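The values are calculated or read from the model by the stated rules, or taken from the named source; none is laboratory data. Since we're looking at a predicted model, the values are computed, not measured. Counting neighbours? That spans all protein chains shown, and the Cβs are built from the backbone with ideal geometry, glycine included. Just so you know, the surface numbers come from the protein's heavy atoms only, side chains and all, with ligands and any DNA or RNA stripped out. Shrake-Rupley method; radii C 1.70, N 1.55, O 1.52, S 1.80 Å.
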Amino acid sequence: MSEARSSTSAPTVLRMILGRRLQDMRLGAGASLEDAAKALRVQTLTVRRLEKAEVALKPLYVEKLLETFGADRQEIDEFVDLAEQANKPGWWHSYRDAVPSWFTAYVSLESDAKTLRTYEPQYVTGLLQTPEYAHAVLRGGIPNGTEEEVARRVELRLRRQSLLEREDAPTLWVVMEEAVLHRVVGGPHVMREQLERLLDVSELAHVSVDILPFDAGAHVGACAPFTYFRFEEPELPDIVYSELLSASVYLDQRADVVSHLEAHSRMALLTSSEDSRALLNRMRKEYS
């Protein structure tokens, strides 16, 4: 998960957890990738992909591996049941026609994270966009797409936002450049409503919106947009997602994750919630 790649099948977080458990059980049993591959009569690459949640967890493979690792019958049955659950498509599967294959993994991670930290240099982050703003952004991103395609992507984006209304809603900390507020997306009316939306959500206990003012100057995070995910499950590492023009990169190596986390923290020190709200209010008046 530490290099750029296009994903054709987004793993659910549960599948990622089970893949990690398989790896831990293999290592705990003193078995190599070659030992596991021999037990399944497959190539070592297949076992590696199972452990990295890059492919579905076939119940027969899981059962054979756990027998090889010395698990008891109850543990095997419970693991197989979980594997079958993990292979079920997430709610976003119904939007596979509307979302790039390389972005589906992001939706899975976002749905199960307990903490999200986002840096956005160009646009309001998707979880906080109004319908009209989202439509304008997506229309600009796929100029040759049909209106139906744009509408489907807007629908997906708005459905993603429902996670902020859950009882177990994650903590969302957004850092955006002031340039985002000056980029007129959809016209003054759309921008005014979008800024009002940002002011409203910034009052929620689990949402923070920080705006980096122009006078903050050069800073460590002046780069591509990224999102940091932290999960409640100890089996999962922290993960960073960064988006390119036509693909994405998912990072879980500690050095990579820490550098992005530190960059986000350093950027947040260049502003404050009070200054950010004042800037949002000032810009909202300019769009009146």
Checklist entry - Checking R96 against (1) more than 11 Å from the chain's Cα centre (by Cα); (2) under 25 Å from C223 (Cα atoms), which test does it fail? => result (2)
Checklist entry - In this structure, does V150 turn out to be open to solvent by less than 40 Å² (accessible area, probe 1.4 Å) and over 27 Å from L204 (Cα atoms)? => result yes
Checklist outcome for this item: Over the range 124-134, the set of residues open to solvent by less than 30 Å² (accessible area, probe 1.4 Å), part of a helix (DSSP H, G or I) and either of a type outside the set (F, W, Y) or at pLDDT below 95 (or both) is G126, L127, L128, A134
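From the list S265, S288, S248, exactly one residue is touching a helix residue (DSSP H, G or I) at 6+ places or on another chain (Cβ under 7 Å) and either exposed (fewer than 15 other Cβ atoms within 10 Å of the Cβ) or without any contact (Cβ under 8 Å) to a residue 60 or more places away in the chain (or both). Which is it? Step through it out loud before you land on a result.
Working: S265 fails: touching a helix residue (DSSP H, G or I) at 6+ places or on another chain (Cβ under 7 Å); S248 fails: either exposed (fewer than 15 other Cβ atoms within 10 Å of the Cβ) or without any contact (Cβ under 8 Å) to a residue 60 or more places away in the chain (or both).
Matching residue, one of S265, S288, S248: S288.
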Checklist entry - So is A169 in contact (Cβ under 8 Å) with a residue 24 or more places away in the chain, of a type outside the set (V, I, T) and open to solvent by 30 Å² or more (accessible area, probe 1.4 Å) or not? => result no
Checklist entry - Pick from the range 58-75 the residues that are among the aliphatic types (A, V, I, L, M) and within 14 Å of R26 (Cβ to Cβ): which of them is farthest from the chain's Cα centre (by Cα)? => result A71
Checklist entry - Before we move on, is V137 buried (at least 21 other Cβ atoms within 10 Å of the Cβ), assigned to a helix (DSSP H, G or I) and in contact (Cβ under 8 Å) with a residue 12 or more places away in the chain? => result yes
Item to check | Scope the range 217-241; condition modelled with pLDDT of 90 or more and open to solvent by less than 50 Å² (accessible area, probe 1.4 Å); matching residues | outcome: P225, F226, T227, Y228, F229, F231, D238, I239, V240, Y241
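Kindly indicate whether T115 is under 24 Å from S248 (Cβ atoms), surrounded by fewer than 18 Cβ atoms within 10 Å (Cβ to Cβ) and touching a Phe, Trp or Tyr at 6+ places or on another chain (Cβ under 8 Å). Step through it out loud before you land on a result.
Values: under 24 Å from S248 (Cβ atoms): yes; surrounded by fewer than 18 Cβ atoms within 10 Å (Cβ to Cβ): yes; touching a Phe, Trp or Tyr at 6+ places or on another chain (Cβ under 8 Å): yes.
Yes; evaluated as a whole, the condition is true for this residue.
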